[in-house]
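Read the structure below first, then the notes.
Values in this text are rule-based calculations from the coordinates and carry no lab data. Quick caveat, the model's predicted, so the values are computed rather than measured. We place every Cβ from the backbone using ideal geometry, glycine too, and count neighbours over all the protein chains shown.
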Amino acid sequence: MSDVTHILSQIESGDPQAAEQLLPLVYDELRKLAAAKLAHEKPGQTLQATALVHEAYLRLAGNQQFANRRHFFAAAAQAMRRILIESARRKQLIPRVDFTGIDPALADDGRLLELNDALERLAAEEPTAAKVVEARVFGGMSVDEAADALGLSRATAYRDWTFARAWLATVLGDKSEKE
């Protein structure tokens, strides 16, 4: 059992000191994830990696129970996605994210909110595929890393990624997937 998983277990058991031990263990990795996401932002973005990490951590701490380290980081990627979407909606500045494997035209201003809406629809139909997309696009993970984070086999993650890309291409009117 990793240190993070052990501390998450202690938090779930109600140990008040365990929460204080968690942030120092996960902070560097969360900061790298946040910095990678913000590197794709438009110039002039006021949200900093430190603020994104702190906001995500505050949303995660105490509100959820995590089975293990992988589950925690998958939830952190989801929290960061929601924060970026909320920030985009508030400021009407659309953040740029890594759309590797999805049509680069989606990175154009205005398309992120459209992608988010489509991703919510996908989650209603195929929740696992939506989680793979979320891990890839908003969490900056490879398909293999997404599989590990979500507790999926690599074959399942690749199958879900392939399906989700095609589904999103159809829903978003992306011609490049069909070529």
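Please compute the net charge surrounding residue 68, taking Lys and Arg as +1 and Asp and Glu as -1 over other residues with Cβ under 13 Å from its Cβ. Net charge in that neighbourhood comes out at -1.
Can you check what the net charge comes to around residue 56, using other residues whose Cβ is under 11 Å from the Cβ of residue 56 (Lys, Arg +1; Asp, Glu -1)? That sum, taken over residues with Cβ under 11 Å, equals +4.
Rounded to the nearest Hz, the phi-derived 3J(HN,Hα) couplings of the range 138-147 under the Karplus curve 6.51 cos²θ - 1.76 cosθ + 1.60 (θ = phi - 60°) are 9, x, x, 8, 6, 4, 5, 5, 4, 4, where x marks glycine and proline.
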